[in-house]
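One structure below.
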Amino acid sequence: MRVLGIETSCDETGVAIYDSEAGLLGDALYSQVAVHAEYGGVVPELASRDHVRKLLPLVKEVLQQADMQADAIDAVAYTAGPGLIGALMVGASTGRAMALAWGVPAIGVHHMEGHLLAPMLEEHPPAFPFVALLVSGGHTQLVQVDGIGEYTLLGESLDDAAGEAFDKAAKMIGLNYPGGPEVARLAEQGDRSRFRFPRPMTDRPGLDFSFSGLKTFTLNTSNDLRVDGVLAEKDRCDIAAAFEDAVVDTLAIKCRRALQQTGFKQLIIAGGVSANQRLRERLEEMVKKERAALFYARPRFCTDNGAMIAYAGCQRLMAGQSSDLSIQCQPRWPMDTLEPITKG
Amino acid sequence: MAKILALDTSTDACSVALSIDGEIQEDFRIIPRQHTRQLLPMVDEMLTAAGLKVTQLDAIAFGRGPGSFAGIRIATGAAQGLAFAAELPVIPVSTLAAIALNAAREYNVDRIISTLDARMNELYSCAYQMRDGLPVALVNETVSAPGSIILPDGERWFAAGKGWVYLDNMSAEVQQAVGTPVLDIYPSAGVMCELALEAFDRGEGISAELAQPVYLRDTISWKKISEQKKKGQ
C-alpha cells in the first residue's frame, strides 16, 4: 500500500510517500521557522496561510522523487491533531479532498503517534513492547507502548514541555526564537562543572516532569551574571551547558525509572528534542547499565515530518481503519484514547 | 458547456453547486461551525446524484474570499485537493461578487455595494455595476473601518451583506446614498458556478497550487519583535 502522508500541525509543512513493501519513496519538508522568528513565536494565522501556499508544491515534489503518477497513490494520511486547529485544517481539507477525487481511503493520524512510530522508519526498528519518551516543543511524555494504539501514559510534564523550556532558556541568554538547538550548540563550548542546576522532581517517586522551576533558576542565574545588562559569551555557554545537563539528566532518570517499572528492555525517543546529541549519549549510557536498547529516528524524522504520518497512517489503513468524508481535527487529543489495531 | 463544481465556506453558509450544460443545481445550508463535517459529504452526494466522478468535471470553482479566514481556507484546501488529484483547473471566485449577483437576482437591482463583516469593527466591501447580467467591480475590494467607506459616486446604491451592520458608523453621505441594507444576502456556490463558467470560457482557470485565498486583511494583527518592544516601553 502506497500512502501519501501530510503533516501541517504547527510550523512545518511535511509531505511523504510511504510504501508498505518498498519503504519510503519520497519525503519533502518546508520549515516556516524564518516566518515566525520575527514574531518571537509561532503565529497560528501565519502558519495556516503558509501551509496553503506550500502544501501542493511539496506533494508535487514527492511524486517526482518517487517518479510516480498521482494515481499510483493508494491512500492519504493527514495529521488530524493535536496541534494548531487552523494549521491542521489545511492538511486535512486538502488531503481528504485529494483522497475523494482519487477514490481512495483517507485517515486522520495522531501527530504524537506519528512521532512515536518514526523510529520504525529506520533500518533496525524496535519491536513492541517498549517505553517511549516523547519530547518536543509541545510534549514531554513517557508512554508504555504495547502495540500500535495500545498506549499507557506513564508520566508527563505538569507545566512546560522540555522543548519549550529549551526555547525559553534560549531567550533568557539572548538567543532568538526558536533557540533550543542553539542552546545545545552553545553548551558544547560551556564548562559543565561551573553550575549545577536542579533536576526537578527527581527526588521523589513518579514519572511526571516539571520544567518551570528550572526555567526560573536559569533566569536568576543569568540575571546575576549580567554586567550592564549584558551576559558574557562564556557565561552564556556555561549556563547553556548547565541547563542542558539538567534537562538531559532529568529525562534520563525518568526513563530509567520507566524501564524498571515496566520491565521493558527497549526505549525509544521521539520528537524534536530527541535529536539532541547530549540526550542520546546520556541515554545510551543509561540503557547499557539497564541492559536495554535505545532507538531513535534520524534527526530529520525527529522534528515534524510527513514520513511519520505516512507510516502511521499506513499501519492503521492496512488494519482496515479509515476516516469518513467529514474533515475532523482535534487540537487536543489524548493519545491514550486511540484505538488499538489488530495485529497481523 | 463546461461541467463545473463550485464550493463556498466563507460565511456561516456552506454551499456546493454543480453546473452541467448550463443547468445549475445547488445545495445551500446555513450551518455555522459545521462546514468541515458537511462540505465533502455534500460534494460527494451531488456528484453521485449526477453520476459523475471528480475527474469527469472540467473545473473546480471556490469562494476565495474575502471572508472568515478559517472558512475560506476550508474551501481553498478542498478545491486544491480535488483539482490537484483530478488534474483540473481551478477558478477562484470573489465572495463579494457572488453577493452582488445574488442581490441583483433577488432584488432586481444593478448598482450594489457588497459587504461582509470583517470583525474587529471593520468590513470587507466592493462596489459593483451589473453589465449583461454579471457584476463588474468598479473599485478594488477593501477591508476598512465603517467611517472610511467612500462610494464611487452619489447615485443610489443597493446595500447588500452583513458588513452593513456598521451602517450607523458610516458617513452621512453613505447613509443617504443607500436604501435600507439587506444583511442576509450570502455568497453562494450557485452564483459562483455562473461566474466561474464565464471565467472558464475566458480561459481564466489556474493550476491548483496557484489557487489561494484572498484575505484582504494581512499582517496588521500581529506584532513583530521590534514592534512588541516599542509597545512595552
At least 1 residues that are surrounded by fewer than 24 Cβ atoms within 10 Å (Cβ to Cβ), among the charged types (D, E, K, R) and under 13 Å from the mean Cα position of the chain (by Cα) in each: list the strands (runs of 3 or more DSSP E) lying fully within region B:79-148 that qualify.
B:111-119
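Looking at region A:307-330 only, could you name the residues that are within 14 Å of chain B (Cβ to nearest Cβ) and surrounded by 24 or more Cβ atoms within 10 Å (Cβ to Cβ)? Explain how you work it out, then say what you get.
At the first step, the residues of region A:307-330 found to be within 14 Å of chain B (Cβ to nearest Cβ) are A:322-330.
Correct list: A:327, A:329.
Check A:154, A:219, A:214 and return the single one that is under 27 Å from residue A:264 (Cβ atoms), of a type in the set (A, V, I, L, M) and either in contact with a strand residue (DSSP E or B) (Cβ under 6 Å, 6 or more places away or on another chain) or part of a helix (DSSP H, G or I) (or both).
Details: A:219 fails: under 27 Å from residue A:264 (Cβ atoms); A:214 fails: under 27 Å from residue A:264 (Cβ atoms).
Exactly one of A:154, A:219, A:214 is under 27 Å from residue A:264 (Cβ atoms), of a type in the set (A, V, I, L, M) and either in contact with a strand residue (DSSP E or B) (Cβ under 6 Å, 6 or more places away or on another chain) or part of a helix (DSSP H, G or I) (or both), namely A:154.
Okay, residues lined up against (1) in contact (Cβ under 8 Å) with a residue 12 or more places away in the chain; (2) crowded, with 16+ Cβ neighbours inside 10 Å; (3) outside the structural domain of residue A:161 (by the TED database):
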| site | (1), (2), (3) |
| --- | --- |
| A:246 | yes, yes, no |
| A:249 | yes, yes, no |
| A:262 | yes, yes, no |
| A:266 | yes, yes, no |
| A:273 | yes, yes, no |
| A:277 | yes, no, no |
| A:305 | yes, yes, yes |
| A:332 | yes, no, yes |
| A:342 | yes, no, yes |
Limited to region A:323-344, what total is found for residues that are of a type in the set (Ser, Thr, Tyr) and either in contact with a Lys or Arg (Cβ under 8 Å, 6 or more places away or on another chain) or part of a strand (DSSP E or B) (or both)?
2
If you scan region A:64-95, which residues turn out to be in a helix (DSSP H, G or I), farther than 15 Å from residue A:52 by Cβ and at the interface with another protein chain (Cβ under 10 Å from one of its Cβ atoms)?
A:70, A:71
State whether one or more residues within region A:14-21 are of a type in the set (Ser, Thr, Tyr) and within 24 Å of residue B:212 (Cα to Cα).
no
Could you check how many residues of region A:293-312 are closer than 18 Å to residue A:127 by Cα and not in a loop (DSSP other than H, G, I, E, B)?
7
Quick check on residue A:118: is it at negative phi, surrounded by 24 or more Cβ atoms within 10 Å (Cβ to Cβ) and either more than 10 Å from chain B (Cβ to nearest Cβ) or among the acidic types (Asp, Glu) (or both)?
yes
Over region A:258-285, the set of residues closer than 15 Å to residue A:130 by Cβ and either part of a helix (DSSP H, G or I) or of a type in the set (Asp, Glu) (or both) is A:258, A:259, A:260, A:261, A:262, A:274, A:283
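If the requirement is being crowded, with 16+ Cβ neighbours inside 10 Å, within 14 Å of another protein chain (Cβ to nearest Cβ) and at negative phi, which of these qualifies: B:13, B:70?
Working: B:13 fails: within 14 Å of another protein chain (Cβ to nearest Cβ).
Unique residue meeting the criteria: B:70.
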For region B:20-59, which positions are touching a helix residue (DSSP H, G or I) at 6+ places or on another chain (Cβ under 7 Å) and of a type in the set (Ser, Thr, Tyr)?
B:36, B:55
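Could you count how many residues in region A:53-94 are under 22 Å from the mean Cα position of the chain (by Cα) and of a type outside the set (Lys, Arg)? Show your work before the answer.
Here is the first cut: in region A:53-94, the ones under 22 Å from the mean Cα position of the chain (by Cα) are A:54-55, A:58-59, A:62, A:76-92.
Adding the requirement that they be of a type outside the set (Lys, Arg) leaves A:55, A:58-59, A:62, A:76-92.
Residues that pass the stated criteria total 21.
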Those residues that are part of a loop (DSSP other than H, G, I, E, B) and farther than 18 Å from residue A:53 by Cα, I need them from region B:28-66; list them, please.
B:31, B:32, B:33, B:34, B:51, B:52, B:53, B:57, B:58
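For the structure I just gave you, tell me whether residue A:104 is within 11 Å of another protein chain (Cβ to nearest Cβ), part of a loop (DSSP other than H, G, I, E, B) and at pLDDT 95 or above. Working first, answer last.
Details: within 11 Å of another protein chain (Cβ to nearest Cβ): yes; part of a loop (DSSP other than H, G, I, E, B): yes; at pLDDT 95 or above: yes.
In short, yes.
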Against the condition farther than 27 Å from residue B:16 by Cβ, surrounded by 13 or more Cβ atoms within 10 Å (Cβ to Cβ), at pLDDT 95 or above and more than 14 Å from every other protein chain (Cβ to nearest Cβ), how does residue B:192 come out, does it pass?
no
Checking residue A:54 against (1) closer than 25 Å to residue B:39 by Cα; (2) part of a helix (DSSP H, G or I); (3) in contact with a helix residue (DSSP H, G or I) (Cβ under 8 Å, 6 or more places away or on another chain): exactly one of these is not met. Which one?
(3)
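The values are calculated or read from the model by the stated rules, or taken from the named source; none is laboratory data. Because the structure is a prediction, the values reported are computed rather than measured. Reconstructed Cβ throughout: ideal geometry from the backbone, glycine too, with neighbour counts over all protein chains shown.
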